[in-house]
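Participant: Structure incoming, see below.
The values are calculated or read from the model by the stated rules, or taken from the named source; none is laboratory data. Just so it is clear, the structure is predicted and the values come from calculations on it, not from any experiment. So basically every Cβ, Gly included, is an ideal-geometry build from the backbone, and we count neighbours across all protein chains shown. Areas reflect the complete protein model, heavy atoms only, side chains present, ligands, DNA and RNA absent. Shrake-Rupley method; radii C 1.70, N 1.55, O 1.52, S 1.80 Å.
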Amino acid sequence: MDMPSRTISDDREEGAADEGSRGFFGKFGSRMSRQRGDASPPVNLHTRDALLLLQNYEESGRGWFWATDANGRITYITDTVAKLMGRSANELVGTAFTELFLPVDSHGERQRTLPFLMTKQSKFDELPLRSAFEGDDRWWAISGSPHFDANGRLGGWRGSGTDITAHRRSAEDASRLAMYDSLTGLANRFNISKKLDTTLSAFAQQQRSCAIMLLDLDRFKQVNDTLGHPAGDALLKQVAERLLKIVRDKEMVSRLGGDEFQIILPDIEDRGRLGDMASDIINSLSQPYSVEGSRCIIGVSVGVAIAPFDGQTSDDLVRNADLALYAAKGNGRGRFSFYSSDLHQSAEDRRVLEEDLRDALARGEMELSYQPVVNAKSNTVTGVEALIRWTHPDRGVISPGLFIPIAEEANLIWPLGEWVLRKACEDAVRWPGDLRVAVNVSPIQFANADLPKVVANALATTGLPADRLELEITESVFLADSKETAQMFKALKGLGVRLALDDFGTGYSSLGYLQSAPFDKIKIDQSFVRGATVPGSRNGAIIAAIVALAEALEMETTAEGIESLDQLDLIRKLNVSHVQGYVYSKPVSQNELIEHADAGSWTIKPAGPAKQRNDRFSLFRKVGAVHGNHRYSVVIRNLSATGAFIEGILDVPVGTQFVIDFGEGQLVTATVRRSMNHQQGVQFEQSLVSDGNGGLCTRHRVSPYLIAAAAQQSGSQIALPAFTTTSDWKPA
Ligand code: C2E
Ligand code: MG
Ligand code: MG
C-alpha cells in the first residue's frame, strides 16, 4: 500500500496552497462533490485518468482515502470503507474523524494518540488504530497530513488508510506463541517464570505462601525412542489434559520444555494437601495412555518447594524444587519429595557416587551374592537370584536400590549389566548340580538391540547351558507395546534362556501382557505380598487369581521378600509355587553357595518371626524439645505419624507439654504420655504427614515471617523450671 499513498501525498504538497478547504479530492469528481455538495470543478483528461486510477484503487479494497475540514470533521471518505464501518460515506460526512477509532490507550499502545497529533497539526504515518464501530473488529494503519492556506491557516486534513487486521492478528498469535507452548497450549517457561516472579514479590509483601511443583516424566524418552516423536507429542498433550483436570487453574500449569512441567499453587503451604495433590498427579499420569493405537505407560516424579519456607525468590524456589525433584527421582521414581536443606548434601553425595561408580568395576569393588529361590512345598532350592553388591572403600556397602538408578542415568548400566551377566554365568558353571541362576536386566539393557548378543556371548564363553539362565525384567519394559519389545522377547527366547517378570504388583500391573509375553515365571513383589496379610486387603484374592492364571499358562510363581512364618503360611495357602525371602535365606556369597550345594540336594527349613512387625520408623535423629524458654537436645528413637519416643531428658512428669522442633520451621506440640527415666513416649497434637519418600514431616511450617516477628519480641518470656538433661547419656 506504500506506493499509492505516497503518490497522493506528493500531489498534496503541490496543490496544498490553492485548494484551500475544498480538500484534495474535491477536484476529482462527482461522487466527491456530492458528498460535499459543491459544484463540479472543470476536469481535464490528465486528472480524469488520475481519478479513475484512484477509484480503481479504492474499489480494490487495498486502501482508502479520507479528508476533513479544519475542525477534523470528515469531508470525504472512501465509500467501501464507510460500509465496512457499517455506515455510508454520506452518513459519515461531518463526523469527527477521530471518532472512527477507539482511543489508543485502551489497548495499551504506547504512542501518541490521534486527537493529540491532530491538535498539534502534525503529520502522521501508518498509525495503527482500531475501529470504534461495534461488530467491526478491524485494525487500520492511518496516515494523514494537514494542509494550510496561503496565510498559513489550517485548511484541513487528507490522508489514507489500509486494513492491517490480518497482520495484527498474526502479530498477536506470535505474541501468544511467545507466551504459550504450542504443543499443549499450556503456559511456557517464559510465561510461568514471569508469573512466579510477580506472584512471589506480591505475596512477600502480603506475607502469603506459594508452593510450586516441578514434574519430570519417567521413561518418556523410551516412548519417544520406541514409538516415535509424533507419538511422544500426542502423549505430552494427554499429560497436559490430565494435569489440568487436577490443577484447574490453566494459567498456573506450564510445560517448561521436553517432558518437564511446572505448577504454581498460590496460598497453599499445607504439606498434607500438597502431598495428596502430588499423589493424585502421580496416580493420574501413571495410568496407561492410548497413543496412535498403541498402549503405553509412563510415570512422573514431583519435587515440591514452598515459599517463603524454601526460598523467597523465584530463582531459589525453582532451584530447590528442582533439588526435591532430583531426590524424588533418586528415590525410585514415581514419587514426590518436599525440599529440605539436607537435599543439598544428598545431591552432592549422589554426584560423588556417580564418579565412584565409574571406577568401581575396574577396582573390583563389585561382587555378586546369590539368594536362594525355594520350592514352597518341598523347601528345596531350585535356583538363586544374582544380586549385585558394591562395597565402597569409604562408605561401605551401598544398596543396589540406590546405585542402579544412578548407573541407569549415567549410562553405566550397560557395562555393569554385561559384567553381572558374565560373572553370574561364570560362577554358575562351578556349582554342583543344575541350579538355575537368575540375573536382573534393566529396562535400559532390554531396550538395546545388542542384548541377545551379549547374553549369547556370556553363555558361549562360560559354557553355561541356556536353560540354566533366567533373565528378570520388570513390567516397565511394556510401557510401549512396540514391535521392538516383541522382537526382543523372541530373540531372547530363541537363545533358550528363561524369562521372569520381576516386581509384579509395583507398577501398573496388568495381567494382559502375561498372555502375550513368553514368561516362564512371575515374581510377586514383596510390597504386594505384605499387603496381603493386612486384614481386609484384596491382595490375597489378586494373588490367587495370578496363581490360577500362571498355572493355566504353565508359568511358575515366586513370592518375594517373605520374612515371617505367617506370610509363608498365607503364600502356601495361595498356592504360590516358589518363595524367595529371609524366611529361607538372605543372599549368600559364592563360597557359601558352593558349600551348601556340595552337600547334595539343598533344602532349607524356614525360620523367622511368627508375624511381621508393623513398621514404625526406627531412627536416630537429634531434634529440639522446647519447654518454656528452655531448649533440650533430644534424640528421636521411634517416630510415627501420631507420636514419638524421645530420649535425653530425665524424669519428665506425664502430661508435660513440649514443642518438638524438627528443624526448618517444623514444630509440633507434643504431650508426654509415658515417662521412664530418660525416655518419654509423646503424643503429637497434630499428626505428621508423609513426605513422599517414606519419611514424615509436619503439615505446616512456622513461617519465616513469624520467626522474624517473634525474634523482635523475644526477651519477654517468663522462665519455667527446667528439667535435668541426661549428662551421662550417650547415643547408642
Ligand atoms: P529385586 O530384583 O526385586 O531383588 C529382590 C530384592 O529383595 C533384593 O534386594 C533382595 O535382597 C531383597 N530381599 C529378598 N528377600 C527379602 C526379604 O525377605 N526381606 C527384605 N526386606 N528384602 C528381601 P537388593 O539386593 O537390595 O536389590 C534391590 C534391587 O536392585 C533388585 O530388586 C533389583 O531390582 C536391583 N538389582 C540388584 N542387582 C541387580 C543387578 O545386577 N542388575 C540390575 N539391573 N538390577 C539389580
Ligand atoms: Mg530381581
Ligand atoms: Mg523383585
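Matching residues to (1) away from ligand 1 (no atom under 11 Å from the Cβ); (2) outside any helix (DSSP H, G or I):
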site	(1), (2)
R422	yes, no
Q445	no, no
K453	yes, no
I473	no, yes
V477	yes, no
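Participant: Also, I was wondering about something else. For the range 533-571, which residues satisfy the criterion of being over 26 Å from A517 (Cα atoms) and among the aliphatic types (A, V, I, L, M)?
Facilitator: V534, I562, L565, L568, L570
Participant: Kindly provide the set of residues from the range 677-686 that are open to solvent by 20 Å² or more (accessible area, probe 1.4 Å) and touching a strand residue (DSSP E or B) at 6+ places or on another chain (Cβ under 9 Å), ordered by number.
Facilitator: Answer for the range 677-686, where residues must be open to solvent by 20 Å² or more (accessible area, probe 1.4 Å) and touching a strand residue (DSSP E or B) at 6+ places or on another chain (Cβ under 9 Å): H678, Q679, Q683, E685, Q686.
Participant: Turning to a different aspect of this structure: Tell me whether the range 480-491 contains one or more residues that are modelled with pLDDT of 75 or more, in the same structural domain as M555 (by TED's automatic domain parsing), open to solvent by less than 50 Å² (accessible area, probe 1.4 Å) and within 16 Å of ligand 2 (Cβ to nearest atom).
Facilitator: Our first condition is that a residue be modelled with pLDDT of 75 or more; within the range 480-491, this holds for 483-491.
Keeping just the survivors that are in the same structural domain as M555 (by TED's automatic domain parsing) gives 483-491.
Still in the list and also open to solvent by less than 50 Å² (accessible area, probe 1.4 Å): 485, 488-489, 491.
If we keep only those that are within 16 Å of ligand 2 (Cβ to nearest atom) too, we end up with none.
Scanning the range 480-491 turns up no residue that is modelled with pLDDT of 75 or more, in the same structural domain as M555 (by TED's automatic domain parsing), open to solvent by less than 50 Å² (accessible area, probe 1.4 Å) and within 16 Å of ligand 2 (Cβ to nearest atom).
Participant: The conditions are (1) more than 16 Å from ligand 3 (Cβ to nearest atom); (2) within 24 Å of T558 (Cα to Cα), and E385 fails exactly one of them. Which is it?
Facilitator: Single failed check for E385: (1).
Conditions tested, residue by residue: (1) outside any strand (DSSP E or B); (2) more than 16 Å from ligand 1 (Cβ to nearest atom); (3) free of Cβ contacts under 8 Å to residues at least 24 places away in the same chain; (4) within 37 Å of the chain's Cα centre (by Cα).
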position	(1), (2), (3), (4)
L568	yes, no, no, no
V576	yes, no, no, no
V579	no, no, no, no
L593	yes, no, no, no
A597	yes, yes, no, no
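Participant: I need the full set of residues from the range 519-554 which are within 16 Å of ligand 2 (Cβ to nearest atom), out of contact with any helix residue (DSSP H, G or I) (no Cβ under 7 Å at 6 or more places or on another chain) and open to solvent by less than 70 Å² (accessible area, probe 1.4 Å), in order please. Give the derivation first.
Facilitator: At the first step, the residues of the range 519-554 found to be within 16 Å of ligand 2 (Cβ to nearest atom) are 519-529.
Checking which are out of contact with any helix residue (DSSP H, G or I) (no Cβ under 7 Å at 6 or more places or on another chain) leaves us with 519-521, 523, 525-527.
Once the filter is applied, which keeps residues that are within 16 Å of ligand 2 (Cβ to nearest atom), out of contact with any helix residue (DSSP H, G or I) (no Cβ under 7 Å at 6 or more places or on another chain) and open to solvent by less than 70 Å² (accessible area, probe 1.4 Å), the range 519-554 yields F519, D520, K521, K523, D525, S527.
Participant: Another question, if that's okay. For E563, are the conditions met, namely being open to solvent by 80 Å² or more (accessible area, probe 1.4 Å) and away from ligand 2 (no atom under 16 Å from the Cβ)? Even if it seems obvious, please write down each step before you answer.
Facilitator: Numbers: open to solvent by 80 Å² or more (accessible area, probe 1.4 Å): no; away from ligand 2 (no atom under 16 Å from the Cβ): yes.
Judged against the criteria, E563 is not a match.
Participant: Return the residue satisfying two criteria in turn: it lies in the range 593-612 and is out of contact with any Pro (no Cβ under 7 Å at 6 or more places or on another chain) and surrounded by 14 or more Cβ atoms within 10 Å (Cβ to Cβ), and of such residues it is modelled with the lowest pLDDT.
Facilitator: It comes out as Q612.
Participant: Go through (1) on the phi > 0 side of the Ramachandran plot; (2) surrounded by 22 or more Cβ atoms within 10 Å (Cβ to Cβ) one by one and return the number of the condition F338 breaks.
Facilitator: Unmet for F338, out of (1) on the phi > 0 side of the Ramachandran plot; (2) surrounded by 22 or more Cβ atoms within 10 Å (Cβ to Cβ): (1).
Participant: Test F190 against the criterion of being free of Cβ contacts under 8 Å to residues at least 24 places away in the same chain and surrounded by 13 or more Cβ atoms within 10 Å (Cβ to Cβ), and give yes or no. Break it down into steps so the answer makes sense when it comes.
Facilitator: Details: free of Cβ contacts under 8 Å to residues at least 24 places away in the same chain: yes; surrounded by 13 or more Cβ atoms within 10 Å (Cβ to Cβ): yes.
Yes; evaluated as a whole, the condition is true for this residue.
Participant: Would you call L200 touching a residue at least 60 places away in the same chain (Cβ under 8 Å), buried (at least 21 other Cβ atoms within 10 Å of the Cβ) and assigned to a helix (DSSP H, G or I)?
Facilitator: Details: touching a residue at least 60 places away in the same chain (Cβ under 8 Å): yes; buried (at least 21 other Cβ atoms within 10 Å of the Cβ): yes; assigned to a helix (DSSP H, G or I): yes.
When the stated conditions are applied, L200 passes them.
Participant: Among the residues of the range 341-376, write down those that are free of Cβ contacts under 8 Å to residues at least 40 places away in the same chain and within 15 Å of ligand 1 (Cβ to nearest atom).
Facilitator: Quick first cut of the range 341-376, residues free of Cβ contacts under 8 Å to residues at least 40 places away in the same chain only: 342-349, 351-352, 355-356, 359-360, 362-365.
Hits for the range 341-376 are A360, E365.
Participant: If I go through the range 291-305 residue by residue, how many of them are modelled with pLDDT of 90 or more and open to solvent by 40 Å² or more (accessible area, probe 1.4 Å)?
Facilitator: Selection size over the range 291-305: 0.
Participant: Out of (1) within 14 Å of ligand 1 (Cβ to nearest atom); (2) open to solvent by 20 Å² or more (accessible area, probe 1.4 Å), the odd one out for A386 is which?
Facilitator: (2)
Participant: How about the range 426-481: which of its residues are more than 15 Å from ligand 3 (Cβ to nearest atom) and either in contact with a Phe, Trp or Tyr (Cβ under 6 Å, 6 or more places away or on another chain) or among the small types (G, A, S) (or both)?
Facilitator: Once the filter is applied, which keeps residues that are more than 15 Å from ligand 3 (Cβ to nearest atom) and either in contact with a Phe, Trp or Tyr (Cβ under 6 Å, 6 or more places away or on another chain) or among the small types (G, A, S) (or both), the range 426-481 yields A428, G433, A447, A449, A456, A458, A460, G463, A466, F478, A480.
Participant: Tell me which residues, restricted to the range 384-406, are assigned to a strand (DSSP E or B) and away from ligand 2 (no atom under 12 Å from the Cβ). Steps first, please.
Facilitator: Residues of the range 384-406 that are assigned to a strand (DSSP E or B), as a first pass: 384-392, 396-398.
Answer for the range 384-406, where residues must be assigned to a strand (DSSP E or B) and away from ligand 2 (no atom under 12 Å from the Cβ): R389, W390, T391, H392, G396, V397, I398.
Participant: Further question on the same structure: Which residues, taken from the range 407-439, are modelled with pLDDT under 90 and within 16 Å of ligand 2 (Cβ to nearest atom)?
Facilitator: Answer for the range 407-439, where residues must be modelled with pLDDT under 90 and within 16 Å of ligand 2 (Cβ to nearest atom): just E408.
Participant: Here is a further query. Would you check which residues across the range 629-649 are open to solvent by 60 Å² or more (accessible area, probe 1.4 Å), in contact with a strand residue (DSSP E or B) (Cβ under 9 Å, 6 or more places away or on another chain) and in a loop (DSSP other than H, G, I, E, B) and list them? Spell out the reasoning first.
Facilitator: Residues of the range 629-649 open to solvent by 60 Å² or more (accessible area, probe 1.4 Å): 629-631, 633, 637, 642.
In the following step, the residues that additionally are in contact with a strand residue (DSSP E or B) (Cβ under 9 Å, 6 or more places away or on another chain) were identified as 631, 633, 637, 642.
Of everything in the range 629-649, just one residue is open to solvent by 60 Å² or more (accessible area, probe 1.4 Å), in contact with a strand residue (DSSP E or B) (Cβ under 9 Å, 6 or more places away or on another chain) and in a loop (DSSP other than H, G, I, E, B), namely T642.
Participant: Sticking with this structure for a sec: For the list (1) within 30 Å of T68 (Cα to Cα); (2) out of contact with any Lys or Arg (no Cβ under 8 Å at 6 or more places or on another chain); (3) open to solvent by 20 Å² or more (accessible area, probe 1.4 Å), I need the number of the one condition that D163 fails.
Facilitator: All conditions are met except number (2).
Participant: Turning to a different aspect of this structure: Quick test for you: out of R130, R168, pick the one residue that is in contact with a helix residue (DSSP H, G or I) (Cβ under 7 Å, 6 or more places away or on another chain), basic (K, R) and either closer than 18 Å to F101 by Cα or not in a helix (DSSP H, G or I) (or both). First the steps, then the outcome.
Facilitator: Values: R168 fails: in contact with a helix residue (DSSP H, G or I) (Cβ under 7 Å, 6 or more places away or on another chain).
Matching residue, one of R130, R168: R130.
Participant: On to the next question. Could you please find all residues in the range 180-203 being in contact with a strand residue (DSSP E or B) (Cβ under 8 Å, 6 or more places away or on another chain) and over 29 Å from D233 (Cβ atoms)? Give the derivation first.
Facilitator: First, pick out the residues of the range 180-203 that are in contact with a strand residue (DSSP E or B) (Cβ under 8 Å, 6 or more places away or on another chain): 180-181, 183-184, 186-189, 191-192, 195-196, 199-200, 203.
Within the range 180-203, T199, L200, F203 qualify.
Participant: Since R436 meets every condition but one in (1) under 26 Å from A559 (Cβ atoms); (2) open to solvent by 30 Å² or more (accessible area, probe 1.4 Å); (3) near ligand 1 (Cβ under 10 Å from one of its atoms), which condition does it not meet?
Facilitator: Every condition holds for R436 apart from (3).
Participant: OK, next. Here is a list: I282, I264. Which entry is buried (at least 20 other Cβ atoms within 10 Å of the Cβ), in a helix (DSSP H, G or I) and in contact (Cβ under 8 Å) with a residue 24 or more places away in the chain?
Facilitator: Details: I264 fails: in a helix (DSSP H, G or I).
Going through I282, I264 in turn, just one is buried (at least 20 other Cβ atoms within 10 Å of the Cβ), in a helix (DSSP H, G or I) and in contact (Cβ under 8 Å) with a residue 24 or more places away in the chain: I282.
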